[in-house]
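To keep things clear, I will list the structure first and then write my remarks on it.
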Amino acid sequence: MRTLLPLAVAVPLLVAAGLSAASAAFQRRNRWALDGLAILTAAAVTAMLMALTVGAGSAQVYWFGGFRPAHGVALGIDFVASPLSAGLAAFAGLLVTAAMVFSWRYFERVSTFYHALMLVFLAGMAGFCLTGDVFDLFVFFEVMGVAAYALTAYRTEERGPLQGALNFAITNSVGAYLSLAGIALVYGRTGALNMAQVGRALAGHRPDGLVVVSFVLIVVGLLVKASIVPFHFWTADAEAVAPSPVCVLFSGAMVELGLYGVARVYWSMFGSALGHRGAISSTLLALGAATAVVGALFCFRQRHLKRILAFSTISHAGMFLMGVALLTPLGLAGAAIYVVGHGLVKGALFLCTGIVLHRLRSINETWLHGRGRRLPVTGAVYILAGLGLADLPPFATYLGKGYIEESGYSHGMAWVTAVLIITSILVGGAVLRAGGGVFWGLGDAPSEDPRMAAEASEEHSETEEGRGRTPLSMVLPPLVLVALAVAVGLLPHLGSVVQAAAVRFQDQGAYNATVLSGARVLHAQAPQPPEPTGITIADVATGVGSAAGAAVLALVSLYWRRLPLLRRGLEPGLGLVGPIRRFQSGVVTDYVTWIVLGLAVIGGALALSIR
Amino acid sequence: MQIFPFIVVAWILAVGLYGIVTSRHLVHLIICLAVVQSSTYVLLLGVGYKAGAAAPFFSDIPRSTPAVDPVVQALALTDVVVEAAVSALLLALAVQAHKRFGTLDPEDLRQLQG
């Protein structure tokens, strides 16, 4: 079992290297061999990570080169599979597999580099989840980063992808270097890079300025990847222009990995040393709530099918951060389930958008209005996934959101529930409006967005002209993803199992003992007690409520022009949104300015409250 | 550990970030990104430095000789490799951007907005 840990990263890297080296051998005639090999590799890696998730027990630790810790001092480099970390990596593997199956017929002409980059991306994500070494966390951050930047700019002959990739690469690299500076500082203080060792060295001392500064630097770098306000600008640009199957991974796995990094670093290194749980919790909660609301408002204004989904990713990243920020086992468990549910339905939505692009040659909601009637199956899957995104039971999303709300409520934060419901309604409403208009021709076409005309002309070349039918290999992946989202939501005892994994994740002492002493810790204990995980009427009610609210909002936004009262009332208000949109300027220097400002504000807030 | 290297680190980081934030040319911006990263090299080496200690090669000196920390040097080297990969990719994107947009001013890349 333990040897699977390095293999999950090494196998995709080796196959990627082999594919690039043998690129001349793969011609159009034997495309099936290339795609088959890549799909098999991704599926095999997913299976390995699944086995680690289920069989990890307390946790599996692998030391490279056999450099085990001597007398509790770790000099070697380790991979650690705990149920949450291996589970997230396995989920990323599943999405890569689905995206690769979809890509088979989506790209008629594609070089081996696409497949190689996807596999390197997978290796980077798996390594990021599994590593127990904080410097390797930075290295895998950049490994998955470089693959992702290159995949964004896969169509290098076009303007949009180039600009999106430049913005993505520059902002994320600045974030990575800030993290690295924090890592160097914490190494200077503790002389250790192993996260458990750092945690042990920091614990028991009063947190001084250096520890706070390094925590802030590391966390801000990771929050850039997690697209949290005010570091979120790159997400909309990158996800608007990257090929649809690649967007599945950006939205469903990569952004979430940034949040996983924050959780990993907090609960293995800084948690017990920093103390001041209240201050850290409120700072992160405020960031999460701001991200959820800002993302949802921008989402609703979009007319570009992929940008709608991109801003929904930002909004959901904020909701996940709120779950993590509660610092309770149930909050973290809710966030984990929400990540899986969201990744599955959002993946289906991006793939359906890819099918629209393939068959109808446009991504403009206004132009497409009613033209999607030719794609009844895609339309049905899109609407279903949209309802799942609005947290309709039994999609797994309602359970994840319900747990976050319960945990917030029982800790005296009922406003968390309000924020989550409002953002779910806005985001779900935007997606359902697009789906209802495009696939069913409901209501009136939304007003034309002048900016769309320039952008839309470029989208054609993402995929080649579709022939009369959508290939089965393109319809099946979104169908399977939506079905899985329902299946996960119906799993019995899911809540208690995931909460047990969350307790283990938050128990710094158990992590230390497992990594440094090789102990098997049977009873993990989180700083906050676990909470009941029974499915309550409130969970179902808020889920149904936000889905119904989203459906109503979608219908109102499709039909409002037919009601004179609304027309007179709403038309002037829409003009106010213009100035806000200017912040999303597309200029990377602005984005980096926001990063510096955000760093100063978050650093100032935490430094004042912790000292 | 002295305070001096950390002042240098903060200075390089601030200069690099200022350069990125005010940049009007993509190549200049990418070099500034490399400057930001250089601050981490200095930080890493500064963290592992010991006054009067030898380089960490023990082939011709006794093993008990005090030496500077070799780990940070390995980290700085890895850091350089990462930087090479990122800069190469970014410069390639800049070349393409120049071909397609006819400009390298980030403020004139106006394909994505709102």
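Among the residues making up the range A:26-56, those that are farther than 20 Å from A:PHE128 by Cα and either among the hydroxyl-bearing types (Ser, Thr, Tyr) or open to solvent by 40 Å² or more (accessible area, probe 1.4 Å) (or both) are A:PHE26, A:GLN27, A:ARG28, A:ARG29, A:ASN30, A:TRP32, A:LEU37, A:LEU40. Somewhere in the range A:537-559, is a residue more than 27 Å from A:GLY435 (Cβ to Cβ) and among the small types (Gly, Ala, Ser)? Yes, the conditions are met somewhere in the range A:537-559.
Summed over the range A:220-244, the residues that are in a helix (DSSP H, G or I) and either of a type in the set (Ser, Thr, Tyr) or under 16 Å from the mean Cα position of the chain (by Cα) (or both) give a count of 14. For the range B:83-114, filtering for residues that are among the basic types (Lys, Arg), assigned to a helix (DSSP H, G or I) and at the interface with another protein chain (Cβ under 7 Å from one of its Cβ atoms) leaves 1. Limited to the range A:61-74, what total is found for residues that are open to solvent by 30 Å² or more (accessible area, probe 1.4 Å) and free of Cβ contacts under 8 Å to residues at least 60 places away in the same chain? So the count comes out to 6.
Does B:ASP79 satisfy the criteria of being of a type in the set (D, E, K, R) and modelled with pLDDT of 90 or more? The answer is yes for B:ASP79. Evaluated against (1) closer than 17 Å to A:GLY175 by Cβ; (2) of a type in the set (Ser, Thr, Tyr); (3) open to solvent by 40 Å² or more (accessible area, probe 1.4 Å), B:THR40 falls short on exactly one condition, (3).
Within the range A:139-154, one or more residues are touching a Pro at 6+ places or on another chain (Cβ under 8 Å), facing another protein chain (nearest Cβ under 9 Å) and either open to solvent by less than 10 Å² (accessible area, probe 1.4 Å) or not β-branched (Val, Ile, Thr) (or both). At least 1 residues that are under 18 Å from A:PRO230 (Cα atoms) in each: list the helices (runs of 4 or more DSSP H) lying fully within the range A:258-341 that qualify. Fully inside the range A:258-341 and qualifying: A:277-301, A:305-325.
Residues that are in contact with an Asp or Glu (Cβ under 7 Å, 6 or more places away or on another chain) and either hydrophobic (A, V, I, L, M, F, W, C) or over 30 Å from A:TYR398 (Cα atoms) (or both) within the range A:541-557 comprise just one, A:ALA547.
Which of the residues belonging to the range B:74-100 are closer than 15 Å to B:VAL27 by Cβ and open to solvent by less than 30 Å² (accessible area, probe 1.4 Å)? Residues satisfying the conditions are B:VAL86, B:SER87, B:LEU90, B:LEU93, B:ALA94, B:ALA97. Among the residues examined, A:GLY598 does not qualify as in a helix (DSSP H, G or I), closer than 25 Å to A:LEU420 by Cβ and modelled with pLDDT under 85.
Considering A:ARG520, A:ARG582, A:ARG611, the condition of being within 30 Å of B:LEU109 (Cα to Cα), at pLDDT below 85 and exposed (fewer than 14 other Cβ atoms within 10 Å of the Cβ) is satisfied by A:ARG582 alone. Would you say A:ALA290 is of a type outside the set (Phe, Trp, Tyr), under 16 Å from A:VAL416 (Cβ atoms) and away from every other protein chain (no Cβ under 14 Å)? When the stated conditions are applied, A:ALA290 passes them. For the range A:360-371, does any single residue satisfy the condition of being crowded, with 24+ Cβ neighbours inside 10 Å, over 15 Å from the mean Cα position of the chain (by Cα) and touching a residue at least 40 places away in the same chain (Cβ under 8 Å)? Yes - at least one qualifying residue is present in the range A:360-371.
One residue stands out in the range B:62-81 among those that are part of a helix (DSSP H, G or I) and free of Cβ contacts under 8 Å to residues at least 12 places away in the same chain: the one that is farthest from the other protein chains (Cβ to nearest Cβ), namely B:LEU77.
Please verify whether B:LEU44 is within 25 Å of A:LEU193 (Cβ to Cβ), free of Cβ contacts under 8 Å to residues at least 40 places away in the same chain and touching an Asp or Glu at 6+ places or on another chain (Cβ under 8 Å), treating the condition exactly as stated. Yes; evaluated as a whole, the condition is true for this residue. Test A:LEU178 against the criterion of being under 25 Å from the mean Cα position of the chain (by Cα), facing chain B (nearest Cβ under 10 Å), farther than 30 Å from A:THR112 by Cα and in contact (Cβ under 8 Å) with a residue 60 or more places away in the chain, and give yes or no. It is true that A:LEU178 is under 25 Å from the mean Cα position of the chain (by Cα), facing chain B (nearest Cβ under 10 Å), farther than 30 Å from A:THR112 by Cα and in contact (Cβ under 8 Å) with a residue 60 or more places away in the chain.
Scanning the range A:157-208 for residues that are in a helix (DSSP H, G or I), open to solvent by less than 30 Å² (accessible area, probe 1.4 Å) and over 25 Å from B:THR78 (Cα atoms) yields A:GLY160, A:PRO161, A:LEU162, A:GLN163, A:GLY164, A:LEU202. Could you list, in sequence order, the residues of the range B:9-61 that are more than 8 Å from chain A (Cβ to nearest Cβ), assigned to a helix (DSSP H, G or I) and among the hydroxyl-bearing types (Ser, Thr, Tyr)? Across the range B:9-61, the qualifying residues are B:TYR18, B:SER38, B:TYR41. Of all residues in the range A:11-25, those that are open to solvent by less than 50 Å² (accessible area, probe 1.4 Å) and either of a type in the set (Ser, Thr, Tyr) or touching a residue at least 12 places away in the same chain (Cβ under 8 Å) (or both) total 8.
The values are calculated or read from the model by the stated rules, or taken from the named source; none is laboratory data. All values derive from a computational prediction rather than experimental measurement. For neighbour counting, all protein chains shown are included, and Cβ atoms are generated from backbone atoms with ideal geometry for every residue, glycine included. Surface accessibility is based on the protein's heavy atoms, side chains included, excluding ligands, DNA and RNA. Shrake-Rupley method; radii C 1.70, N 1.55, O 1.52, S 1.80 Å.
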